[in-house]
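Only one structure is covered here, and it is reproduced in the block below.
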Amino acid sequence: MNERSVTTKLIDEKGHSQDTILYVRFRENETVHLILAGKSLYFESDEATYVQSLLELITKLPEGYQLKFLNSVQSTNGNSVEILTVEEYTSVTRQYDPDEPQLKYRLVCNYRGITFEAEAIEDFSIALQALQDKMDVSFNICAFCSNGDFRSTGGEDLRQGWYCLRDVLNRQPDLPWFQREQEFQEAYSNVNAFHWCPCYVKAVDRMF
């Protein structure tokens, strides 16, 4: 059973917040079950991926609400290694079509007295890459690790849908993902983009 719980803050349209817990379960039937629980609130969703389930969950909240996550990230800049906190704000936008809600990601990090921000609609990796570029550092996380990979299906989940291939033998990273399905079957699935482990090795020239 692959499950985890994350402490979050639910922020209303006026900026008031309350502590909540987001329960995440990756089910064997390849759906993702989410529960958001807090004082006098309880919401559930169940969709094919984490981001689809999160979208369904947030659309059940009142208009203008957002979730705040705190991510601890190891970063390097030259020979300097630091642990930073990346604030992640996730909300729903209908910017392009009022009938088609999409997730909006906003990432914020205070680094050496300067606050950096990046945002993107629907594609988490765009915001993550932009934040790293603006800060001119390297985030030592799964999303930028040579052992981390994803299936580029067009609907891939680049937030909680990474695969860690660190224990997969005879890997062929130069082949497209659909020609090495066996590697993904042997890999660890549903890895958090911000995850770090001792096997971290920086990916060369990874750009989303």
Problem set entry | Mean shadow area of segment 3-67 over all directions, Cα convex hull, nm² | 4.0
Seminar exercise, completed: The convex hull of the Cα atoms of segment 1-141, divided by residue count, gives a volume in Å³ per residue of 128
Exercise. Dipole magnitude of segment 66-208 about its Cα centre, charges +1 at Lys/Arg Cβ and -1 at Asp/Glu Cβ only, in debye to the nearest 20?
Worked result: 400
Problem set entry | Average Cα contact separation per residue, segment 3-67, under 8 Å, 6 or more apart, as relative contact order % | 28
Seminar exercise, completed: Going residue by residue through segment 163-168, the Karplus relation 6.51 cos²θ - 1.76 cosθ + 1.60 with θ = phi - 60° gives ³J(HN,Hα) values, rounded to whole Hz and with x marking Gly or Pro, of 10, 9, 9, 4, 9, 8
Exercise. Is the shape of segment 98-208 rounded, prolate or oblate, going by the alpha carbon gyration tensor and its root eigenvalues a ≥ b ≥ c, with a/c under 1.5 for rounded and a/b larger than b/c for prolate?
Worked result: oblate
For this session: Mind jotting down the distance between the C-alpha centroids of segment 1-19 and segment 44-65, whole Å?
Result: 12
Seminar exercise, completed: Over the chain, the sum of -39500 (n - 2.57) across DSSP H runs of at least four, divided by residue number and rounded to 500 deg cm²/dmol, gives at 222 nm -4000 deg cm²/dmol
Exercise. When the accessible area of the chain is split by element with a 1.4 Å probe, what percent falls to carbon and sulfur?
Worked result: 46
Problem set entry | Relative contact order (%) - segment 57-208, alpha-carbon pairs under 8 angstrom, separation at least six | 18
Problem set entry | Of LYS14/LYS60; LYS9/LYS134; LYS104/LYS202; LYS9/LYS60, those spanning more than 22 Å from alpha-carbon to alpha-carbon | LYS9/LYS134; LYS104/LYS202
For this session: Quick one: which residues, 5+ away or cross-chain, put their amide H under 5 Å from the amide H of SER146? H built at 1.01 Å from N.
Result: VAL201, LYS202, ALA203
Problem set entry | Karplus-derived 3J(HN,Hα), 6.51/-1.76/1.60, for each residue of segment 9-21, Hz, glycine and proline x | 10, 9, 10, 8, 5, 9, x, 6, 10, 9, 6, 9, 10
Exercise. In nanometres, what is the gap between the two model label sites at GLN102 and ASN170, each 7 Å from Cα along Cα-to-Cβ?
Worked result: 4.2
Problem set entry | Net lengthening on full extension, GLU63/ARG25 (0.36 nm per residue, minus Cα-Cα) | 11.1 nm
Exercise. Per-residue HN-Hα couplings for segment 115-121, Karplus 6.51 cos²θ - 1.76 cosθ + 1.60 at θ = phi - 60°, whole Hz, x for Gly and Pro?
Worked result: 9, 10, 9, 8, 9, 7, 9
Exercise. What percent does the relative contact order of segment 20-129 come to when contacts are Cα pairs within less than 8 Å and at least six residues apart?
Worked result: 14
Exercise. Roughly how many debye, to the nearest 20, is the charge dipole of segment 3-67 about its Cα centre, given +1 on each Lys and Arg Cβ, -1 on each Asp and Glu Cβ, and no other charges?
Worked result: 260
Problem set entry | Unit charges at the beta carbon, dipole of segment 3-67: most positive-side option, GLN52, GLN66, GLY15 | GLY15
Exercise. Accessible area per residue, 1.4 Å probe, Å², for the chain: what's the number?
Worked result: 55
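The values are calculated or read from the model by the stated rules, or taken from the named source; none is laboratory data. What you see is a predicted model, and the numbers here were worked out from it, not measured in a lab. Backbone-built Cβ (ideal geometry, glycine too); neighbour counts: all protein chains shown. Protein only, heavy atoms only, side chains kept; ligands, DNA and RNA dropped before computing areas. Shrake-Rupley method; radii C 1.70, N 1.55, O 1.52, S 1.80 Å.
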